[in-house]
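So the structure is just underneath, and the comments pick up after that.
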Amino acid sequence: MRYPKRIVCLTTEPTEVLYLLGEQDRIVGISGYTTHPAIARKEKPKVSAFTSAKIDKILELQPDLVIGFSNLQADIAASLIRAGVEVHIFNQRSVAQVLNMIAVTGALVGATEKAEQLIATLEKTLDEAQQTASKFKIKPKVYFEEWDDPMMCSIRWAMELIELAGGVDCFPELSQFHSAKDRIVTPQLVVERQPDIIIGSWCGKKFQPQQVIAREGWADLPAVKHGFVREIKSADILQPGPSLITHGLKQIQAIIQEWQTFQARSV
């Protein structure tokens, strides 16, 4: 057979894509952090975390391809490559790169046509969001926080989705940086930007709005005063796969639409 038959997915993104393409039978192992689709957790053995993996377990599965995401998996990839395994690590950081990841994954398993159909569906969702947002007269300033200690924000794909949905990211200048440590801000910097909406999505733990509201000087922020401190679960917005668009974008849209309604009533 020309295409790989035994695939290990080190992160949730390739797992989600392969399921959406109807190619899930090729998957023989997944990450323990897989969230989309939920059924994968029941059907497939878990062989990795995010920055660590059970190399011996992966080798026992005899994969002819291992797919992962992020430079943070470089050490895992190196160990597998040294063991003679073929590895493909994606490093998508933007919405366009997410769509490209889908296209390449489809090509890797001989499902190019199905991948193009999936991409077209996602692009339609993106276009519709942009069309809706173009009707808004005012764009709210949105502070998106992916971690609280230290405070990290403005991951590129979230910034892009905020803009597509009709908002303005509070720290767009930080979105160019891949590394989270380069996107650290202080409570005072956020106060200076005066966000209308605060969206929290703490990677791997539940967002605590009361902790956010209690930060020095934050009680007077428009987002706090008007009740726009919201959570989007990290599985829906911090994992750059199709769910970023099907789940994350739609939640951002709903929050911004609610803010627009509030604005209209306040005038």
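Would you mind stating whether L161 is surrounded by fewer than 21 Cβ atoms within 10 Å (Cβ to Cβ) and under 18 Å from V95 (Cβ atoms)? The answer is no for L161.
Selection of the stretch 168-225 for residues being part of a helix (DSSP H, G or I) and acidic (D, E) yields E173, D182, E192, D220. In the set (1) assigned to a helix (DSSP H, G or I); (2) in contact (Cβ under 8 Å) with a residue 60 or more places away in the chain, A254 fails one condition alone, (2). Of the strands (runs of 3 or more DSSP E) entirely within the stretch 82-164, those holding at least 3 residues that are touching a helix residue (DSSP H, G or I) at 6+ places or on another chain (Cβ under 6 Å) occupy 87-90, 141-148. Listed by first and then second residue, the pairs with beta-carbon distance under 6 Å, at least 6 apart or on different chains, first residue in the stretch 83-108 and outside the structural domain of L238 (by TED's automatic domain parsing), second buried (at least 18 other Cβ atoms within 10 Å of the Cβ) and among the polar types (S, T, N, Q), are I89/Q73; V98/Q92; M101/Q92. Tell me which residues, restricted to the stretch 233-254, are surrounded by fewer than 19 Cβ atoms within 10 Å (Cβ to Cβ) and of a type in the set (V, I, T). Passing the criteria: only T246.
Looking at this structure, is R230 in contact with a strand residue (DSSP E or B) (Cβ under 7 Å, 6 or more places away or on another chain) and surrounded by fewer than 22 Cβ atoms within 10 Å (Cβ to Cβ)?
Yes: the conditions hold for R230.
No other residue among I81, I162 is of a type in the set (A, V, I, L, M, F, W, C) and within 15 Å of the chain's Cα centre (by Cα) apart from I162.
I want to confirm something. Restricting to the stretch 123-143 and keeping residues that are among the hydrophobic types (A, V, I, L, M, F, W, C) and either touching a His at 6+ places or on another chain (Cβ under 9 Å) or buried (at least 16 other Cβ atoms within 10 Å of the Cβ) (or both), which single residue is nearest to I245 (Cα to Cα)? Let's see the steps before the verdict.
Of the residues in the stretch 123-143, the ones among the hydrophobic types (A, V, I, L, M, F, W, C) are 126, 129, 133, 136, 138, 142.
Next, only the ones that are either touching a His at 6+ places or on another chain (Cβ under 9 Å) or buried (at least 16 other Cβ atoms within 10 Å of the Cβ) (or both) stay: 126, 129, 133, 136, 142.
Values: L126: 7, A129: 10, A133: 15, F136: 20, V142: 18 Å.
So the residue we want is L126.
The values are calculated or read from the model by the stated rules, or taken from the named source; none is laboratory data. The model shown is predicted, which means the values in this text are computed figures rather than measured ones. Methodologically, a virtual Cβ is constructed for each residue, glycine included, from the backbone with ideal geometry; neighbour enumeration extends over all protein chains shown.
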